[in-house]
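Visitor: Shown below is the structure under consideration.
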Amino acid sequence: MDRRQFLAASAAAPMVMSSSKAFGANDTIRVAVLGVNGRGTAHYNGFEPLENVEVTTFVDPDLDVANRRAKEFEAKYGHPVKVVQDMRRVFDDKDIDVVGIATPNHWHALAAVWACQAGKDVYVEKPGTHSLAQGRSMIAAAKKYKRIVQHGVQLRSSEAMQEAVQKLREGVIGDVYMGRATIFKWRPKLQNFPNEEPPKTLDYNLWVGPGKWRPYSKNHVHYNWHWTWDFGNGEIGNQGVHQLDMLQWGLGVKFPTKIAAMGGKYLWRDRRETPEVLTALCDFEREKKYAEIAVRFWCTNVEADGGSNGDLFYGSEGFMAVNGYTKYSVFLGPKRTPGPTGSAPARHFENFIKAVRSRKVEDQNGPVETAHYSSGLAHIANTAFRRGAVLQFDPDAECFVGDEQANALLADTYRDGFVMPAPGKV
């Protein structure tokens, strides 16, 4: 890293200025969206139509991306947004009430903690964390600064999904003993790009932020960072967090006591570091539950009632299939007789704004704890894959038993100026 980059990286983190601002039904809530290349478009299109909510600011280290999205936004909604390159300027802006975080994974948790310290409420994309250890810092920051932190697991805000879980609790399929998460996302072969100088519109130092420094390459900027361990978490930590969240919710579990994972690259001979095929087996010994997690790319059958991404729950009287984020169906007995079914949209941005106005975490459908547990299960599974072993896990201490190499993979290392504070120091 050269001197200019080092000085930029060492700039002070956002000033702590916790706010207790309360919002009435008619007060305008002003939103900044952090990261507008991909998922951030869903953030501003989700927030802007809501009553008395106004998206005012786009933040992206690539000004070309930010300015292009700002023009699209103004053409669609009829008012301009401010473009900012460094998210810390948004945290300093007292006119911003809420931040939506749609950056690459390695930025999610630190941006959320900084936002809490600055008195902002947070909607953070999945996975809420890039490593397991970050989750406790996020939870501590939300509680200390009394912030509403919503995790982007939108299925939690579908009335159909809420009904599905309630029916599981009521015994619609008898005693539930097992779940299966299917994560079958279409992912083509990647082109390989050389290292090169970043575009002039991109502050690459800010893009890397708390991540491990790597030379700029189109291999990971702007989307394919998902398949690089330093910035992403593979498909299980991408699409998969939705299915893992539903799996934990439906089974009534958090972390397993034993996990094994195998997989690899069998289809594409490209430069992905993360596996394209992954199978993880989880024993939730304390709850007497068992789970299978299946990840694969390309051509596939459907398993979850017509969907490729979903969950299956098995009980003594039948099974329940959850398709995506909004639909469930029940099948009973050996003849798979159709039982209850339901479908409803997921209004997750609306739910978040409701909680921002009420200041009640109990109004949230995807509270900060879901970011820790659903993302954490992905991290635990990835660790088992990378270690190539059956691992024992202690859910209380949140670490592996007797495997320090595995435990070393549960925490990130940080660059100067972008350090995640420990839970007791947020």
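The values are calculated or read from the model by the stated rules, or taken from the named source; none is laboratory data. The shown structure was predicted, so the numbers you read here are calculated from the model rather than taken from an experiment. Ideal geometry is used to build each Cβ from the backbone, glycine not excepted, and the neighbour counts take in all protein chains shown.
Visitor: Only strands (runs of 3 or more DSSP E) wholly contained in the stretch 319-426 count here; list those with 2 or more residues that are over 27 Å from Cys282 (Cα atoms) and not hydroxyl-bearing (Ser, Thr, Tyr).
Guide: Once the strands (runs of 3 or more DSSP E) in the stretch 319-426 are filtered for at least 2 residues that are over 27 Å from Cys282 (Cα atoms) and not hydroxyl-bearing (Ser, Thr, Tyr), what remains is 337-343.
Visitor: Here are Leu312, Leu278: which of them is modelled with pLDDT of 95 or more, in a strand (DSSP E or B) and touching an Asp or Glu at 6+ places or on another chain (Cβ under 7 Å)?
Guide: Checking each option against the conditions leaves just Leu312.
Visitor: Within the stretch 316-367, track down each residue that is farther than 30 Å from Lys144 by Cα, without any contact (Cβ under 8 Å) to a residue 60 or more places away in the chain and among the hydroxyl-bearing types (Ser, Thr, Tyr).
Guide: At the first step, the residues of the stretch 316-367 found to be farther than 30 Å from Lys144 by Cα are 316-345.
When the remaining residues are screened for being without any contact (Cβ under 8 Å) to a residue 60 or more places away in the chain, the result is 321, 323, 329, 331, 333-338, 341.
If the condition is that a residue be farther than 30 Å from Lys144 by Cα, without any contact (Cβ under 8 Å) to a residue 60 or more places away in the chain and among the hydroxyl-bearing types (Ser, Thr, Tyr), then Ser329, Thr337, Thr341 are the ones that fit.
Visitor: Another one. Regarding the stretch 24-32, can at least one residue be identified that is closer than 30 Å to Arg415 by Cα, at pLDDT 95 or above and within 23 Å of the chain's Cα centre (by Cα)?
Guide: yes
Visitor: May I ask you to say which residue of Arg214, Arg180 is surrounded by 18 or more Cβ atoms within 10 Å (Cβ to Cβ) and charged (D, E, K, R)?
Guide: Within the list Arg214, Arg180, the selection yields Arg180.
Here is a yes/no grid of residues against (1) more than 30 Å from Gln162 (Cβ to Cβ); (2) without any contact (Cβ under 8 Å) to a residue 12 or more places away in the chain; (3) part of a loop (DSSP other than H, G, I, E, B):
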site: Trp213; (1), (2), (3): yes, no, yes
site: Val221; (1), (2), (3): yes, no, yes
site: Leu244; (1), (2), (3): no, no, no
site: Leu247; (1), (2), (3): no, no, no
site: Phe255; (1), (2), (3): no, no, yes
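Visitor: What residue, among those in the stretch 257-272 that are over 20 Å from Tyr373 (Cβ atoms) and either out of contact with any strand residue (DSSP E or B) (no Cβ under 7 Å at 6 or more places or on another chain) or charged (D, E, K, R) (or both), is surrounded by the fewest Cβ atoms within 10 Å (Cβ to Cβ)?
Guide: So, considering only residues that are over 20 Å from Tyr373 (Cβ atoms) and either out of contact with any strand residue (DSSP E or B) (no Cβ under 7 Å at 6 or more places or on another chain) or charged (D, E, K, R) (or both), the one surrounded by the fewest Cβ atoms within 10 Å (Cβ to Cβ) is Arg269.
Visitor: Related question: Name the single residue, out of those in the stretch 281-300 being of a type in the set (Phe, Trp, Tyr) and either crowded, with 17+ Cβ neighbours inside 10 Å or in a strand (DSSP E or B) (or both), that is modelled with the lowest pLDDT.
Guide: That would be Phe297.
Visitor: Within the set of pairs 6+ apart or on separate chains, which have a first residue in the stretch 413-426 that is outside the structural domain of Ala133 (by TED's automatic domain parsing), a second that is at pLDDT below 95 and part of a helix (DSSP H, G or I), and C-beta atoms under 7 Å apart?
Guide: Arg415/Ala9; Asp416/Ala9; Gly417/Ala9; Phe418/Ala9
Visitor: A further question on this structure: Quick one: Val241 ticks every box in (1) touching a Ser or Thr at 6+ places or on another chain (Cβ under 8 Å); (2) closer than 19 Å to Tyr414 by Cα; (3) buried (at least 19 other Cβ atoms within 10 Å of the Cβ) except a single one, so which number is it?
Guide: Condition not satisfied by Val241: (2).
Visitor: While we're here: Considering only residues that are among the hydroxyl-bearing types (Ser, Thr, Tyr) and under 22 Å from the mean Cα position of the chain (by Cα), look in the stretch 333-381 and name the one that is nearest to Asn105 (Cα to Cα).
Guide: First pass over the stretch 333-381, keeping only residues among the hydroxyl-bearing types (Ser, Thr, Tyr): 337, 341, 343, 358, 370, 373-375.
The next check asks that each one be under 22 Å from the mean Cα position of the chain (by Cα); those that pass are 370, 373-375.
Numbers: Thr370: 16, Tyr373: 15, Ser374: 14, Ser375: 11 Å.
Here the residue is Ser375.
Visitor: Of these, Ala397, Ala389, which one is farther than 18 Å from Gly128 by Cβ, assigned by TED's automatic domain parsing to the domain that holds Arg180, out of contact with any Leu (no Cβ under 8 Å at 6 or more places or on another chain) and at pLDDT below 95?
Guide: Ala389
Visitor: Of the numbered conditions (1) closer than 23 Å to Val59 by Cα; (2) among the aromatic types (Phe, Trp, Tyr); (3) at pLDDT 95 or above; (4) out of contact with any strand residue (DSSP E or B) (no Cβ under 8 Å at 6 or more places or on another chain), Tyr223 satisfies every one except a single condition; which is it?
Guide: Condition not satisfied by Tyr223: (3).
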